[in-house]
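The values are calculated or read from the model by the stated rules, or taken from the named source; none is laboratory data. If you're wondering where the values come from, they're calculated on a predicted model, not measured in any experiment. All Cβ positions, even for glycine, are placed from backbone atoms using ideal geometry, and neighbour counts span all protein chains on display.
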Amino acid sequence: MSIVIVAGGAGYIGSHTIRELQVGGFEPVVLDNLVYGHREIVEDVLGVPLIIGQVGDKQLLAKLLSGEHPSTRDKEIKGIMHFAAYAYVGESIINPAKYYKNNLVETIMLLEALLEDSNKKNSIPLPIVFSSSCATYGIPLETEIPIIEATRQNPINPYGRSKLMIEKILIDYHKAYNIPVSILRYFNAAGAHIQGDIGEDHNPETHLIPLVLEALFNKDGCLKVNGIDYPTFDGTCIRDYIHVSDLAKAHVSALNKIVNDKSLSIYNLGNGKGYSIMEVIDAAKKITGKEMKILKSKRRQGDPPVLISSPEKAKNELLWKPEFKDIESIIKTAWDWYLLKKR
Ligand SMILES: NC(=O)c1ccc[n+]([C@@H]2O[C@H](COP(=O)([O-])OP(=O)(O)OC[C@H]3O[C@@H](n4cnc5c(N)ncnc54)[C@H](O)[C@@H]3O)[C@@H](O)[C@H]2O)c1
């Protein structure tokens with residue numbers, strides 16, 4: 001079996017992708033510093049080797065890539081999936097240095113290691129699949145919805161800018177060094193694996209669905225809705241939710257594509273459908289049969305009113321089709337996982 005190094009694989013999307021890599025016949029090896037990841041998910045639930053370290057640790061990477069490390073000895077490495085990043089938009093505005101150092105500088109070091117490895121082996125660098133974000137689009141115009149890959153990118157916070165800078169670097173490196181690259185711009189990842197054993201477990205949690213479920217689960221639970229005066233049909237922000245296992249499957253297809261054709265490709269990964277915050281809350285109430293209080297609050301700085309993807313390019317070129325098409329089916333998986341976790 002061929003190895004895929006999954007940087008940031010102890011996190012939410014990485015851990016679901018590990019499962020799909022296993023289904024696809026790959027042998028994932030996780031590299032994660034565990035600042036936010038979950039050791040037990042990698043080692044106990046997924047049964048995958050975990051190397052605790054920085055994604056930009058060139059010495060460690062050199063050992064992994066050359067097969068000197070026990071996890072990769074005598075094995076073929078097919079590619080790298082790079083999920084490792086900090087992703088708290090608000091924090092990135094207050095402390096941009098943390099984001100440029102961790103997201104950008106660490107990625108440049110990872111790329112250095114890939115280039116040095118390719119020089120030693122006298123081959124093209126290993127393929128890399130990169131986790132980018134709809135945050136790179138900033139605040140699109142109404143006429144730019146649904147967002148296609150060619151839509152103007154103008155991020156409005158350091159987190160989004162760090163992702164866009166990496167995209168540009170990857171494009172330059174592809175042109176100069178032939179590194180096969182797939183840039184995946186996720187919209188809102190949501191839900192949990194249908195087996196209920198892995199799910200969304202950020203700490204602190206800022207994503208809507210886990211916060212809604214937490215508020216519904218707790219007696220006297222309350223959810224703050226940031227902004228009820230957006231130019232949308234009910235005044236709350238509209239987002240495109242994509243099930244995490246659908247995202248994960250797209251990664252495996254994207255990796256297979258660039259392993260074979262050595263190309264550079266960029267895809268939006270979303271459902272192509274938007275739900276307002278109030279619609280998500282209503283769907284969650286229906287699924288859980290529970291109620292909660294809503295605290296209507298002021299807008300947060302820099303929240304675009306509407307973000308909806310056009311996922312057509314990924315559907316056509318990766319032959320990828322999201323299986324969880326509506327918000328109810330996505331929330332149901334998140335709730336099933338949440339209840340198992342609370343037991
Ligand atoms: N969750 C979403 O909706 C969403 C949307 C768009 C893009 N993304 C991107 O997808 C990726 C994964 O997101 P997630 O929600 O799974 O986040 P997560 O925080 O759950 O996972 C990220 C993992 O990376 C690890 N990590 C961070 N910096 C590292 C470093 N320097 N070296 C080694 N490990 C490091 C963390 O410990 C964590 O396990 C991130 O790059 C994020 O920016 C996520």
*asked:* Within the range 119-129, take every residue that is surrounded by fewer than 24 Cβ atoms within 10 Å (Cβ to Cβ) and within 27 Å of the chain's Cα centre (by Cα) and give me the one that is nearest to S265 (Cα to Cα).
replied: L126
*Considering only the range 202-228, state which residues are touching a Ser or Thr at 6+ places or on another chain (Cβ under 9 Å) and over 18 Å from K285 (Cα atoms).*
N226, G227, I228
*Per-region count, the range 59-83, residues surrounded by fewer than 24 Cβ atoms within 10 Å (Cβ to Cβ), in a loop (DSSP other than H, G, I, E, B) and not small (G, A, S)*: 8
*Filtering the range 140-196 down to residues that are within 30 Å of N122 (Cα to Cα) and in contact with a strand residue (DSSP E or B) (Cβ under 6 Å, 6 or more places away or on another chain), which residue is farthest from the ligand (Cβ to nearest atom)?*
H174
*Hand me the list of strands (runs of 3 or more DSSP E) wholly inside the range 162-281 holding 3 or more residues that are more than 30 Å from I294 (Cβ to Cβ), in contact (Cβ under 8 Å) with a residue 12 or more places away in the chain and in the same structural domain as A10 (by TED's automatic domain parsing).*
181-186, 264-269
_Residue in the range 28-49 that is surrounded by the fewest Cβ atoms within 10 Å (Cβ to Cβ), counting only those that are of a type in the set (A, V, I, L, M) and near the ligand (Cβ under 10 Å from one of its atoms)_ = V35
*Name the residues in the range 1-27 that are within 8 Å of the ligand (Cβ to nearest atom), among the aliphatic types (A, V, I, L, M) and assigned to a helix (DSSP H, G or I), would you?*
I13
